[in-house]
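Just below is one structure, and these are the notes that go with it.
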Amino acid sequence: MHHFLLAAIGGALVGVAALILMGLNGRIAGVSGILSGSLTEAGGERWWRLLFVLGIAIGGAIPALLSPDFKPPIPDASTLMVIIGGLLVGIGTGLGSGCTSGHGICGISRMSPRSIVATCTFMAAGFICVYLLRHVFGG
């Protein structure tokens with residue numbers, strides 16, 4: 001199956017999941033908050049969060065199941081750089097009070113000015129980091 005089609009299916013599933021979560025639970029599908037809550041909340045709050053995170057993992061396996069020649073992307077960086085990048089994303093998520101799913105998908109669709117500014121900020125930071133790593137520091 002073509003990569004664009006797989007990405008389009010994935011994007012549609014993310015949108016449907018966000019819509020279902022908002023409709024049934026009245027919650028924004030901010031993955032960083034859902035993941036954090038799956039570790040800290042108790043009872044029913046914890047269960048729906050764990051199921052949501054499990055659904056993300058299962059969804060990530062779908063392309064491999066649909067396409068026999070699917071090859072997962074391999075980071076073009078050392079393990080240390082991947083760990084540092086993950087930590088920086090986590091810190092940025094905390095500072096920005098959300099992540100791409102909460103601000104970029106749910107917030108922008110609600111026309112939230114805060115989410116629009118947050119999304120523009122982390123997208124710009126990502127563009128700058130890629131430019132610096134690829135073109136200035138010779139990655």
When Cys99 is run through (1) of a type outside the set (A, V, I, L, M); (2) touching a helix residue (DSSP H, G or I) at 6+ places or on another chain (Cβ under 9 Å); (3) more than 23 Å from Ala7 (Cα to Cα), the failure sits at (3)
Residues located in the range 105-119, provided they are hydroxyl-bearing (Ser, Thr, Tyr), under 17 Å from Arg27 (Cα atoms) and part of a helix (DSSP H, G or I): Ser109, Ser115
Name the residues in the range 112-139 that are exposed (fewer than 12 other Cβ atoms within 10 Å of the Cβ) and without any contact (Cβ under 8 Å) to a residue 60 or more places away in the chain, would you? Pro113, Ala124, Phe127, Ile128, Val130, Tyr131, Leu132, Arg134, His135, Val136, Phe137, Gly138
Of the residues that make up the range 64-85, is at least one among the charged types (D, E, K, R) and touching a residue at least 12 places away in the same chain (Cβ under 8 Å)? yes
Yes/no for Phe52 being part of a helix (DSSP H, G or I) and either surrounded by 11 or more Cβ atoms within 10 Å (Cβ to Cβ) or over 19 Å from the mean Cα position of the chain (by Cα) (or both): yes
Please give the number of the condition Pro73 fails out of (1) surrounded by 11 or more Cβ atoms within 10 Å (Cβ to Cβ); (2) at pLDDT below 80. (1)
Looking only at the range 14-34, and only at residues there that are assigned to a helix (DSSP H, G or I) and touching a helix residue (DSSP H, G or I) at 6+ places or on another chain (Cβ under 6 Å), the one that is surrounded by the most Cβ atoms within 10 Å (Cβ to Cβ): Ile34
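The values are calculated or read from the model by the stated rules, or taken from the named source; none is laboratory data. All of these numbers come straight from a predicted model, not from anything done at the bench. Heads up, the Cβs are rebuilt from the backbone with ideal geometry, glycines too, and the neighbour counts pull from every protein chain shown.
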